[in-house]
Amino acid sequence: MKSHVLQFAGQPVPFDRSPNRGGALKPLYLIIHYTAGTTASGAVSWLTNPEAKASAHIVLDPAGAATQLVEFNKVAWHAGRSSWQGIEGLNGSSIGIEIVNAGRLTKKADGTWQTSTGKPVPASDVVIARHKNETGEAGWHEYTAAQIDQTVAIGQALHAAYGFLDVLGHDDISPGRKSDPGPAFPLDAVRTRILGRA
């Protein structure tokens, strides 16, 4: 990790450099997001577009394959307006992983589910759950086991390199404004595995 580029089995993952980046970063936190879309190519294309004014360090596709967009010692624009334990603006102190996932879903009158862009989602890929910052249940896009396992593997490698204080969701640092990664993501279990907490 000395090069601040992710490697598995000694090989770097694909790197598609985003222009949406800032200066030097000393990572204290790992922040988990969902893309609100369903394809890695769409997420990478948007997060490498200067018009987006947004980026992340890593994008994870449904099969768990990673693409890096920003070096881990550089600021990525993933947190936006955010705060945590006295820190305002978490971009300057966190690494962001965007997981390809549609997030909150809409149930149509015929009982079928769709994404915010109208793409159908099979009922088998829907989790009915209440977001921790909300009062009612909703339908959420299920994460794949490969995405969860890869988030843990990447998180463990990054934690070994940078020594995170915590692993947080975007909804932790921007409550009310953001709902990702949402209740379909097992954040507590992932945090425990990454940080090695019993």
| query | Per the 1.4 Å probe, what fraction of the accessible area of the chain, in percent, lies on carbon and sulfur atoms? | reply | 52
| field | Selected from T48, T112, T135 as most flexible by GNM, with the chain as the system and alpha-carbon contacts under 10 Å | value | T135
| remark: For semi-axes √(5λ) of the Cα gyration tensor in Å the list reads (1) 26, 18, 17; (2) 34, 17, 13; (3) 24, 22, 14; the calculated value is entry (1)
| Any idea of the accessible area per residue across the chain, 1.4 Å probe, to the nearest Å²? | 46
| Among G64, G176, G163, which one shows the biggest mean-square fluctuation in a GNM of the chain, springs joining Cα atoms closer than 10 Å? | G176
| field | Out-of-range pairs (alpha-carbon distance over 25 Å; input K53/K74; K26/K53; K74/K119; K74/K132; K107/K178) | value | K74/K119; K74/K132
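Nearest 20 debye, what's the magnitude of the dipole of the range 1-75 about its Cα centre given +1 on Lys and Arg Cβ and -1 on Asp and Glu Cβ?
Values: 6 positive and 4 negative charges, 61 e Å.
Dipole size: approximately 300 debye.
Rounded to the nearest 500, what is the chain's calculated 222 nm mean residue ellipticity when only DSSP H runs of at least 4 contribute -39500 (n - 2.57) each, over all residues?
On the way: 4 runs with 39 residues, N = 198.
That calculation yields -5500 deg cm²/dmol at 222 nm.
The values are calculated or read from the model by the stated rules, or taken from the named source; none is laboratory data. Computed from a predicted structure; not experimentally measured. Neighbour counts are summed over all protein chains in view; Cβ atoms, including those assigned to glycine, are modelled from backbone coordinates with ideal geometry. With ligands, DNA and RNA removed, areas are computed over all heavy atoms of the protein, side chains included. Shrake-Rupley method; radii C 1.70, N 1.55, O 1.52, S 1.80 Å.
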